[in-house]
Amino acid sequence: MVQVSPTMTILDMSLKGVSPGTYHVSVRERGDISEGAASTGGVWDLVQSKQEQRPAKGIFGTIEVSQSGLGTVFLDKPIQIWEMIGRSIVVSKQQERFRKEDVDTMVGVIARSAGVWDNDKTVCSCSGKTVWEERKEQRGKGML
């Protein structure tokens, strides 16, 4: 997901190695994925959107997966990424009533990521080493 303007976020999604068919992409109310999609709650903003007669923020769209098990799609929504942080995203052939174990359902928690080239991850401000430099040094000492 990339927020390209104050009011537009684009989702570039690729699925590989899943069964063919139509998959629904939605952002859910909660980021609880402890029981897969079953614990993520309803579609984010669905009740409010029905009252206001507008599309729900949490319904992104669909992705078609071919017989080869590959599907790609670009989806866009007039929302800001900060609104979704901590919520979950569900990609499934089903739209509701998820089973705990379902090979055609994928879930994840939406978290903040750094911008392009902004992922320095400094460990210590005194040495200025990044996580990657620190890891290389520790591996050189035989530590994993």
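The table for this structure:
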read-out: Helix axis angle, 131-140 relative to the chain longest principal axis, alpha carbon, degrees; value: 50 degrees
read-out: Pairwise label distance in nanometres, THR7 with ARG139, each label 7 Å out on the Cα-Cβ vector; value: 4.7 nm
read-out: Dipole magnitude of segment 2-113, debye to nearest 20 (Cβ charges: Lys/Arg +1, Asp/Glu -1, about Cα centre); value: 80 debye
read-out: Largest-first principal axis extents of the Cα set of segment 7-87 (Å); value: 40, 30, 23
read-out: Highest-MSF residue in the chain out of GLN48, GLN95, GLN80 [GNM, Cα springs under 10 Å]; value: GLN48
read-out: Kirkwood hydrodynamic radius over Cα pairs of the chain, then Stokes diffusion coefficient at 4 °C and 1.567 mPa s, in µm²/s; value: 74 µm²/s
read-out: Ellipticity estimate at 222 nm from DSSP helix runs (n ≥ 4, -39,500 (n - 2.57)) divided over the chain, nearest 500; value: -3500 deg cm²/dmol
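No value in this document is a laboratory result; all are computed from the given coordinates. The model shown is predicted, which means the values in this text are computed figures rather than measured ones. Heads up, the Cβs are rebuilt from the backbone with ideal geometry, glycines too, and the neighbour counts pull from every protein chain shown.
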